[in-house]
Each structure stands twice: as structure tokens, then as C-alpha cells.
Amino acid sequence: MSASDHGRWSDELAAYALGALERDEADAFERHLAGCERCREELRWLQPAVQTLPESVERTEPPPQLRESLMAAVRAEARQARERTEPAAPRRSRGWLLKPAAGLAVVALLVAGAVGYEVGKDGAGNGGGTTVERQVGGIDVKMVQEGNSGTLQLAGVPQLPPDKVLEAWVEREGKVEAVPALFVPDRHGKAEARIADMSDVSTVMVTEEPRGGSDQPTGEPIVAMAVPQ
Amino acid sequence: MAVRREKAERLADEELMPLVGRKDPEAFEVLYDRHGGAAYSLAYRIVGDRAAAEEVTQEAFISVWRSGARFDAARGSVRSWLLSVVRNRAIDFLRSRAAKAPKLDFDDESALEQRPAEERTEEEALRRETAAELRGALGKLPDPQAKVIELAYFGGFSHSEIARILGLPMGTVKGRMRLGLEKIRGEMAEGLA
Ligand SMILES: [Zn+2]
């Protein structure tokens with residue numbers, strides 16, 4: 001890296017620090033940065049100015065259910081991780097929730113495993129019917145619960161490869177169980193699964209599985225939704 | 001649980017991260033309680049509505065939970081790192097929302113493909129110019145510098161997009177970014193002196 005080269009790049013520095021360079025420009029700048037101590041030093045100097053920007057934002061209190069649903073998701077994953085590493089634990093699919101779901105077309109489009117949690121009373125007034133509704137990574141998820149059973153309704157599901165199906169799972173008292181429900185989205189991206197027994201279910205999940213379904217989830221869930229107890 | 005939580009509360013963020021990397025929910029909970037408010041506020045400032053801010057914050061924290069081990073203390077504080085994860089998620093959200101915005105009923109497919117980016121440019125820029133109250137460090141800057149920094153950091157626009165929105169040469173946009181950041185940095189340094 002020559003010194004004259006540096007002059008051209010030092011103009012990019014602030015834009016880079018603000019995340020305002022295009023991907024390829026940022027890559028090129030980083031290559032220069034690797035060999036230019038002056039730029040690195042200037043960047044170190046400017047960085048705190050960028051870091052002060054998010055701190056200057058007006059405070060807005062997050063809703064309490066955000067913390068609840070986040071911790072529910074985290075505890076579920078921690079439990080899975082523990083069970084995987086404890087040799088005495090019952091056999092369970094390796095990598096559930098944590099394995100990168102490479103090559104799964106649906107998963108690639110989504111924020112894998114984002115968990116929704118929002119409660120509203122069913123407007124139809126079906127005596128205790130509860131509807132939980134949420135957008136998870138582009139999929140509209142609706143869980144309609146009536147008594148002991150429920151229906152999981154998805155909209156906006158990307159089309160599956162022909163050799164894949166969707167499979168629903170529930171987490172009950174810390175254990176993931178298959179719901180005997182394999183389903184595929186229709187051509188409008190809608191899909192529905194009936195869950196006969198919702199008792200003690202904390203989370204409902206959907207994964208993409210090979211045709212015929214799996215006994216244990218083989219990839220990350222495309223939908224995971226905490227269910228109010 | 002309570003004992004573990006108490007123990008986690010006594011740890012600094014940098015000490016919590018290795019625990020988060022080992023999937024310790026109590027360590028993660030403390031991290032959320034310390035920074036969740038700032039994270040949600042930032043997300044809200046960027047995406048502009050509560051439901052979306054909630055989704056973005058949730059996704060950001062989940063990704064931190066899953067990648068906690070990747071935090072590199074040499075590159076800054078846990079809080080800055082976390083907020084930069086939130087910022088990036090929020091910007092991604094803005095872009096995908098723009099891409100999904102209802103489109104006009106054109107037969108011409110190329111017109112359809114071009115629309116989202118333009119819609120985002122116009123609507124976002126307008127929202128930012130009219131609604132954004134510039135506070136703190138940004139509020140003290142001369143308007144032209146504040147505006148380019150606002151559009152870049154909170155709007156997720158690239159310098160070339162900003163040049164187009166404001167009708168300015170790209171060099172001018174980059175120059176204003178630089179001047180603005182220098183000024184904020186200078187004030188911070190003075191504040192410390
Ligand atoms: Zn340089």
C-alpha cells in the first residue's frame with residue numbers, strides 16, 4: 001500500500017465507520033485497512049463517535065413479553081444443548097436448534113428460530129379460545145387454541161422443494177415431541193397443522209423435513225412460537 | 001437459579017460473554033436486563049414501529065445468544081457490539097419491508113423489480129427528514145452534516161444513495177460524514193479533558 005493510495009481511501013473512512021459503503025466498497029476498504037496503519041488509527045479515533053449515535057436515541061421501554069419470549073427461547077435452547085452434551089441423556093437428534101441448516105431452502109430465507117409471543121383473546125368468543133399471532137421472519141404465524149387442542153396456521157411460507165414437507169413439533173415439559181402432522185404450503189403460501197394435545201406445551205415449532213417426516217427434527221425450526229400456558 | 005442469577009449480576013459484560021457462549025441463560029438474562037432497553041430503543045428509532053422493533057430486538061438477541069462466542073473484546077465493548085448487531089438487523093428489516101411493499105400493477109417485470117428500492121429511498125428519506133428529532137451528539141451538528149449521518153446510520157442508506165436523495169456529489173456526502181463524525185469526536189474528547 002503506497003502513501004498516495006492512502007489519500008484516496010481516507011475519504012472513505014467515515015462512510016465505512018457509518019456502515020455506508022456498498023458491500024464491494026467495504027471489502028476493498030478493508031483490504032486497504034489491513035495494510036495501512038494510518039487508516040486504522042483514524043478509524044480507532046472516529047469509532048467512538050459512531051458508537052455514541054445509538055446512545056443518543058430517545059429511550060423507549062421494551063414490552064415485558066419481549067423479555068419473556070426471549071428467555072423462553074433461550075432456556076429451551078440451553079436445555080437442548082445440555083441434553084446433547086450429557087452422555088446419559090436419552091438419545092436425541094444432534095444439532096437440534098443449533099445446527100446450521102445448510103441447504104434448506106426455506107430456512108435460508110428466514111431468521112431461523114425467531115420466537116414470537118403475543119396474546120390476544122379470540123374475537124369469536126369461543127369460550128376460552130386463545131389466539132397467539134406473530135410475524136416470524138416473513139411468515140405470519142397464528143396459533144389458535146381451543147380447550148386442549150390447537151391449530152397452527154401459517155401464511156407466507158416459501159414453496160418447498162418437492163422432496164420436502166413441513167413437520168410440526170411441540171415442546172412439552174422440556175422435551176421435543178413430533179406432532180403427527182406433516183403438511184405443505186398451498187400455492188398461496190398457506191399451511192395449517194392441527195395439534196390435538198396442547199396440554200403443557202410451551203413452544204410450537206415447525207421444521208422442514210424429508211418427505212415422510214422425521215422422528216426428530218433435522219434442522220433449525222423455520223417457526224418457533226412460545227405458547228402462553 | 002436465583003443464586004446463579006445473583007452471581008451473574010456481579011460480572012462485567014465482558015465476563016458474561018464466555019458464559020453466554022456456553023449457553024448460560026442467567027448470564028444472558030443479565031445481559032438483556034442491562035442492554036435490552038437501549039437495544040429496543042435503537043430498533044424503534046430505526047424501524048419506527050413497536051411490533052417491528054420487538055421483532056428486530058428479539059432476533060438480534062437470539063443471534064447474540066447463538067454466536068456469543070464470536071464476541072471479540074479487542075474490538076470494543078459488549079454494549080457497542082450488541083447495539084451494532086441490533087442496528088444491522090433493523091436495517092435489514094427496513095430493506096426487506098421495502099422489498100415486500102405493495103407494488104403497482106405493472107405488466108412490465110423490470111419496472112416491478114426496480115420499484116422497491118426507489119420506494120424505500122423516497123419514503124424512508126421523507127420519514128427521516130420529517131419525523132426524526134435529532135438528539136444528543138447529532139442534534140448539535142450543523143444540519144447538513146447531521147442529515148447525512150442520520151440517513152446513513154439510522155436509515156441504512158449508502159453514501160451513493162444519500163448523494164442521490166440529497167442531489168449532492170458523492171464526495172460532498174463523504175466529506176460531510178467525515179466532518180460530522182470529527183466534530184462529535186472532538187466534543188467527546190473535550191468532555192473528557
Ligand atoms: Zn490508509
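The values are calculated or read from the model by the stated rules, or taken from the named source; none is laboratory data. Note that the coordinates shown come from a computational prediction; the quantities given were computed from them, not determined experimentally. Cβ coordinates were reconstructed from backbone atoms using ideal geometry, including for glycine residues, and neighbour counts include every protein chain displayed.
Return the residues of segment A:10-25 that are aliphatic (A, V, I, L, M), in a helix (DSSP H, G or I) and more than 9 Å from the ligand (Cβ to nearest atom); say none if nothing qualifies.
A:ALA14, A:ALA15, A:ALA17
Would you say B:VAL20 is at the interface with chain A (Cβ under 10 Å from one of its Cβ atoms) and modelled with pLDDT under 95?
Answer is yes for this residue.
Checking B:ARG176 against (1) under 21 Å from the mean Cα position of the chain (by Cα); (2) at pLDDT below 85, which single condition isn't satisfied?
Failed condition: (2).
Check segment A:26-46 and report whether any residue there is away from chain B (no Cβ under 11 Å) and either away from the ligand (no atom under 13 Å from the Cβ) or within 30 Å of B:ALA51 (Cβ to Cβ) (or both).
yes
Somewhere in segment A:55-75, is a residue more than 24 Å from the chain's Cα centre (by Cα), in a helix (DSSP H, G or I) and not charged (D, E, K, R)? Please lay out each step first, then the result.
Initial filter on segment A:55-75 (more than 24 Å from the chain's Cα centre (by Cα)): A:55-59.
The next check asks that each one be in a helix (DSSP H, G or I); those that pass are A:55.
Then keep just the ones that are not charged (D, E, K, R); that gives none.
The answer is no, given that none of the residues of segment A:55-75 is more than 24 Å from the chain's Cα centre (by Cα), in a helix (DSSP H, G or I) and not charged (D, E, K, R).
Within segment B:141-193, track down each residue that is assigned to a loop (DSSP other than H, G, I, E, B), facing another protein chain (nearest Cβ under 10 Å) and in contact with a helix residue (DSSP H, G or I) (Cβ under 7 Å, 6 or more places away or on another chain).
Scanning segment B:141-193 gives B:GLY155, B:GLY156, B:PHE157.
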